[in-house]
1. Per DSSP H run of at least 4 residues, take -39500 (n - 2.57); add these up for the chain, divide by its residues and hand me the 222 nm value, nearest 500 deg cm²/dmol.
2. Counting DSSP beta bridges with both partners in the chain, what percentage is antiparallel, nearest 5?
3. Given the Cα atoms of the chain, and with Rh set as the inverse mean 1/r over their pairs in the Kirkwood sense, what is Rg to Rh to two decimals?
4. Which order do peptides 60-70, 104-114 fall in by mean Cβ count within 10 Å, highest first?
5. Quick test of the membrane-span-like rule: which DSSP H helices of the chain reach at least 30 Å along their long axis (C-alpha atoms) with mean Kyte hydropathy at least 1.6?
6. Report the charge-dipole magnitude of the chain in Debye, nearest 20, computed about the Cα centre from +1 at each Lys and Arg Cβ and -1 at each Asp and Glu Cβ.
7. Straight-line reach from K73: which aspartates and glutamates have a Cα under 13 Å away, not including same-chain ones fewer than 8 places off?
8. What number, in percent, do you get for the relative contact order of the range 9-110 if the mean sequence gap of Cα pairs under 8 Å and at least 6 apart is divided by its residue count?
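Since every read-out is calculated from the coordinates, none of them should be taken as a lab result. Since the structure is predicted, the reported quantities are computational estimates derived from the model, not experimental observations. Cβ coordinates were reconstructed from backbone atoms using ideal geometry, including for glycine residues, and neighbour counts include every protein chain displayed.
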Amino acid sequence: MLFVLSKTHRLKKKEIENVFKKGRTYRGNFLILKIKKNSLSLSRWSFIVPLSTPRTIVKRNKLKRQLRENLRKKLKIIKPGFDGIILSLPAAFIKKYWEVDKEIDKLLRLANIYE
């Protein structure tokens, strides 16, 4: 299984700050999507699982891998020209892979960035 987004599809720190400041927010049950248009011919993403959640590093990394893999599978059907951040809430740790997939789908549809 491949859990890595290519470098061209990842946001850098300055770009993440820009999305947080100027992006639109879509809130789900256990995930938050921040999205902002960019002038590129591709979409770039970042995933944030806060340290403040009282879980082990292993669980945090597992959740990040799940988020990355879910989004990587959807890159072909996501409209180009967006910078996005998926931020997890504490309830995300107890969710199954398919529940995370469904939530990401719901947020991307809300943001209207599916082709």
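1. On the way: 3 runs with 42 residues, N = 115.
Calculated at 222 nm, the ellipticity per residue is -12000 deg cm²/dmol.
2. On the way: 12 of 18 bridges.
Looking only at bridges with both residues in the chain, the antiparallel portion is about 65 percent.
3. Numbers: Rg = 13.2 Å, Rh = 14.2 Å.
Rg divided by Rh gives 0.93.
4. Working: 60-70: 17.9, 104-114: 16.0.
Going by the mean number of other Cβ atoms within 10 Å, highest first, we get 60-70, 104-114.
5. Details: long enough: none.
Membrane-span-like by this criterion, though nothing is claimed about a membrane: none.
6. Working: 30 positive and 9 negative charges, 49 e Å.
It works out to roughly 240 debye.
7. By straight Cα distance, K73 reaches D101, D105.
8. On the way: 147 pairs, mean separation 40.0, N = 102.
Rounded, it is 39 percent for the range 9-110.
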